[in-house]
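Just so it is clear, none of the values below were taken in a lab; they were calculated from the coordinates. In this text the structure is predicted, and so the values were computed from the model without any measurement. For neighbour counting, all protein chains shown are included, and Cβ atoms are generated from backbone atoms with ideal geometry for every residue, glycine included.
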């Protein structure tokens, strides 16, 4: 066909296809550029969950015992906690309920690892350990309490969280073996547990297994030699006599 007879209508489909391809290419380039140069999305900061440094042992094998037969119906618990990185261990024994109205006795044996370079003063130790009770008016007594483990520092405080109670706490630390025993004995009302009652409770605190720590075994063996059997020296007559105010009288206070 002669070029003069060639109509522009014959070139329309081809031109239309090229136009569509050109427009599509521009759209792709624009989309890619927008993805490359757009500002990153604003994300809210993630707050890490609070994780305790102490891990609860699921099936604790008791290393210590607190034998108070007259408190058999009070409810007893035994927990072992290990420090996640430092290697320390806490054995925690308790009789009674922390949130109950009756007597509540807790004894903790802490064998620290590298997480605890030194122990704090007794008042600070008790205020930290008993935080769940809401301790107020904590006061260190000048005169230590004589026990089978030797003299222990005494701290008194009031538990402000329900139910409010008066508590007599104790702390004893040793360097060899490096260990700290602490705890408290609480009762309702406005009067503290008698010092002799706390001493009697500690008289019944014994070692079941020292494991790989022979110095701990030696410490408790020496303590047994100093045992007063709650004020009665003769073990043949009364190995573990019921102290007149150890649990029943305390519960009825």
Computed lengthening from residue 114 to residue 59, 0.36 nm per intervening residue step minus Cα-Cα distance: 17.4 nm
Which of rounded, prolate or oblate describes segment 54-251 when judged by the alpha-carbon gyration tensor and an a/c cut-off of 1.5? rounded
Ordering 192-204, 167-179 by per-residue average of other C-beta atoms within 10 angstrom, highest first, gives 192-204, 167-179
So for the pair residue 232, residue 98, with labels modelled 7 Å out along Cα→Cβ, what separation do we get in nm? 3.5 nm
How many angstrom lie between the C-alpha centres of segment 201-218 and segment 104-174? 20 Å
Between residue 52 and residue 139, what length in nm is gained on full extension when 0.36 nm per residue of separation is reduced by their alpha carbon distance? 28.5 nm
Under 19 Å by backbone N from the virtual spin label 7 Å along Cα-to-Cβ at residue 206, the residues of segment 51-65 are 61-65
